[in-house]
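Peer 1: The structure follows.
Nothing in this text is a laboratory measurement; each read-out follows from the coordinates by a stated rule. It should be emphasised that the depicted structure is a prediction, and the values quoted were computed from it without experimental measurement. Every residue, glycine among them, receives a Cβ derived from its backbone with ideal geometry; neighbour counts consider all protein chains shown.
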Amino acid sequence: MAPVSVRGLDGGAVLVTGICGRLGKRLARALHRQCRVIGLDRRPFHDRPADIEHHQVDLRSVRAREVFGDGVSAVVHLGVDHDPHADSAEHHTSNVTGVQKLFEHVEHFGIKKVVMLSSANVYGPRPDNPQFLNEDAPLLGAGPFSQIRDLVELDMGSQAYFWRLPEVATVILRPAHILGTVRNAPSNYLRLAVVPTLLGFDPMIQAVHQDDVVRAIMLALAPSARGVYNVAGPAPVPLSRVLELLERATVAVPHTVARLGVERLFRLRVTSFPAPELDFIRYVCMIDDARARRDLGYAPAHGLVSTLCAVDEERWLG
Amino acid sequence: MAQKTALARFTEVAYGRGLPMLRRVLDGAQRAADEVSERLLGPDFEQRFRVLADRYERLGGDPFGFNPEAVRSAALASAFFHRAYFRTDVYDVDRVPEGRVMLVANHSGQIPIDAAIIGCALFFDANPPRITRAMVDKWTATLPFVSKFFSRMGQVVGLPENARRLLNMEELLLVFPEGMRGVSKPFEERYQLQEFGRGFMRLALETKTPIVPVGVIGAEEQYLSLGRASWAARAFGLPVFPLIPQMLLPGGQLPLPTKYRLFFGEPLYFEGDPDDANGVADKVYLVREAVAHILRRGLAQRRSIFL
């Protein structure tokens, strides 16, 4: 895979919020040989390369403001709280005000570049979805699945800054299901010992390798990039084919049973999958990334097998 | 001792004579089954199948989930209905041009068997064979098994975005502009074309797709529907609930074995502004008239519903 070279930073630093997540760490490692990287996260950054500065503070705090003033020329926002079991009101407040603070600081310090990581989940899996959604499709994901309203609001809130701060080249990335060592729902789902599927449903699935998302973020740091971009990986395949390639044991459950069961289990905190998440293995939620391919020069470097097998990779990277 | 000899003799007879006889019977049954399937599928089935499989291999798989292997598994049942049950006569299927094309047909028969038979005609009778991509109602996407089956067989949810993408892939699209209104017509309204939707014409103009009008005769008599019960449709959450008395009879769930006749018209080429509402309406009228004309001619020729 050819490394992406980041352009247009003029020696400035890249500030990465949520750097201590698995994706954040991968991005930091891809970036830190090319430019200064500053981390901002409430969590500590353990195995941190020496040349990465890390500030263990909350994005909304006064101290975070000083970090933005430290020669930063681009901000990558990965710091979305998405623990499904945590108090949703508190989450919501921290996510939404986090975005607002971020853009306040960006405006104050004259930073010219912001990359927001959203997700294709904001469109939501629906029976009447076109097979491939483009960036203009409505964000209907939060209708049946209230837990992702934070993400939808983050996405919409950031869109407002296209006109509120026209001098800032804001990019919103909406990747398909990110697979890899990351701890997100699709990767966790594929890591289950026995993978439940819905009886009689076998939707087409689109996934993207975590490192392809990192590459897309680096391409989005180019000064000319601006706007909303879907980011997809290799060509879609049916869910059954995904599980076949990963050689997973599966059990098919009728939808009504699965829905009731997952609801119970979620309330008992046995599972981290909220029941509406079942729609992702029931209906299509796929994206058309032609715009990212054309404007950003993005193309996934990982094929289907390597994208899927990334979920089984060792956790050595942390 | 005597017992032992009797057992030994029985074993001997069983192995020596009984088993070969059983094997002959089974082999015979196997051969008969092979012969039937050979006759139903036609001698060139494998070649036809290869043509399709190669096409989608070249495309790197179908983004809508069509799987040529699924066609193989459904082929025998489809061929039975196409060749034996409905004894379809296919006229002028060679009029369908290569590349992107839209078939516009009358819709009828309570359940969309007409779409399946058109698909059979394009696969078994057309040269080269093609896969028919029909636009199905989004409601079917919520049904277990049905949604999966449709997707594997190349059917897609009827949205303009999907149709556009398929036409840009140079696929063959089957459109029923009558939609639900057509398929659930009561028996007394048979062969009366309902209002045509206009979306198909906008798409055809936008993507410069030729339109082939198709008349399906025979489907309208397969179920005798007395009407629609809107309260039942609401109660069961169905888009429509036809009243079909034959369903209550044993075996009446199967459609009546009417004879199907498919007439393919000359391809129509349209040009114009897809956003010009009046222009689009006029062109839709022309297509509707073409289908109606085919139906009138086909019905005039027909001597019997079943033969």
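Peer 1: Have a look at A:Glu66, A:Glu90, A:Glu153, A:Glu104 and point out the one that is surrounded by fewer than 22 Cβ atoms within 10 Å (Cβ to Cβ), within 15 Å of the chain's Cα centre (by Cα), more than 14 Å from every other protein chain (Cβ to nearest Cβ) and part of a helix (DSSP H, G or I).
Peer 2: Working: A:Glu66 fails: within 15 Å of the chain's Cα centre (by Cα); A:Glu90 fails: within 15 Å of the chain's Cα centre (by Cα); A:Glu104 fails: within 15 Å of the chain's Cα centre (by Cα).
After ruling out the rest, the residue left standing is A:Glu153.
Peer 1: Out of all the residues in segment A:251-290, which are outside any helix (DSSP H, G or I), over 22 Å from A:Asp136 (Cβ atoms) and under 19 Å from the mean Cα position of the chain (by Cα)? Walk me through how you get there before you give the answer.
Peer 2: Restricting attention to segment A:251-290, the residues satisfying the condition of being outside any helix (DSSP H, G or I) are A:251-254, A:268-274, A:282-289.
Cutting the leftovers down to over 22 Å from A:Asp136 (Cβ atoms) gives us A:251-254, A:268-274, A:282.
Hits for segment A:251-290 are A:Ser272, A:Phe273, A:Pro274.
Peer 1: Applying the selection to segment B:81-104, what residues are buried (at least 18 other Cβ atoms within 10 Å of the Cβ) and assigned to a loop (DSSP other than H, G, I, E, B)?
Peer 2: If the condition is that a residue be buried (at least 18 other Cβ atoms within 10 Å of the Cβ) and assigned to a loop (DSSP other than H, G, I, E, B), then B:Phe86, B:Thr88, B:Val96, B:Arg100 are the ones that fit.
Peer 1: Next up: Can you pull out the residues in segment B:110-147 that are outside any strand (DSSP E or B) and within 14 Å of another protein chain (Cβ to nearest Cβ)? It would help to see each step written out before you state the result.
Peer 2: As a first pass, look at segment B:110-147 and keep what is outside any strand (DSSP E or B): B:110-131, B:137-147.
Result: B:Asp137, B:Lys138, B:Trp139, B:Thr140, B:Ala141, B:Thr142, B:Leu143, B:Pro144, B:Phe145, B:Val146, B:Ser147.
Peer 1: Identify, please: which residue in segment A:206-248 is surrounded by fewer than 22 Cβ atoms within 10 Å (Cβ to Cβ) and among the basic types (Lys, Arg) and is, among those, nearest to A:Arg294 (Cα to Cα)?
Peer 2: Only one residue tops the list, namely A:Arg226.
Peer 1: Pick out the one residue from A:Arg293, A:Arg241, A:Arg215 that is in a helix (DSSP H, G or I), within 22 Å of the chain's Cα centre (by Cα) and closer than 21 Å to A:Gln131 by Cβ. Explain how you work it out, then say what you get.
Peer 2: On the way: A:Arg241 fails: within 22 Å of the chain's Cα centre (by Cα); A:Arg215 fails: closer than 21 Å to A:Gln131 by Cβ.
A:Arg293 is the lone residue from the list that is in a helix (DSSP H, G or I), within 22 Å of the chain's Cα centre (by Cα) and closer than 21 Å to A:Gln131 by Cβ.
Peer 1: Within segment A:183-205, restricting attention to residues that are buried (at least 20 other Cβ atoms within 10 Å of the Cβ) and in a loop (DSSP other than H, G, I, E, B), which residue is farthest from the other protein chains (Cβ to nearest Cβ)?
Peer 2: A:Pro203
Peer 1: Taking segment A:120-147, which residues are buried (at least 23 other Cβ atoms within 10 Å of the Cβ) and more than 13 Å from chain B (Cβ to nearest Cβ)?
Peer 2: Hits for segment A:120-147 are A:Ala120, A:Asn121, A:Val122, A:Gly124, A:Gly141.
Peer 1: Looking at segment B:232-275, which of its residues are over 30 Å from B:Arg202 (Cα atoms) and not in a loop (DSSP other than H, G, I, E, B)?
Peer 2: Across segment B:232-275, the qualifying residues are B:Ala232, B:Ala233, B:Arg234, B:Ala235, B:Phe236, B:Pro242, B:Pro245, B:Gln246, B:Met247, B:Leu248.
Peer 1: Still on this structure, please answer the following. Conditions first: (1) of a type outside the set (Gly, Ala, Ser); (2) crowded, with 17+ Cβ neighbours inside 10 Å; (3) away from chain B (no Cβ under 14 Å); (4) more than 29 Å from A:Tyr161 (Cα to Cα). A:Val251 passes all but one, so which condition is the exception?
Peer 2: Unmet condition: (2).
Peer 1: Oh, and also: Report yes if A:Asp202 is under 20 Å from the mean Cα position of the chain (by Cα) and of a type in the set (Asp, Glu), otherwise no. Before the answer, list the steps.
Peer 2: Details: under 20 Å from the mean Cα position of the chain (by Cα): no; of a type in the set (Asp, Glu): yes.
Taking the combined requirement at face value, the residue does not satisfy it.
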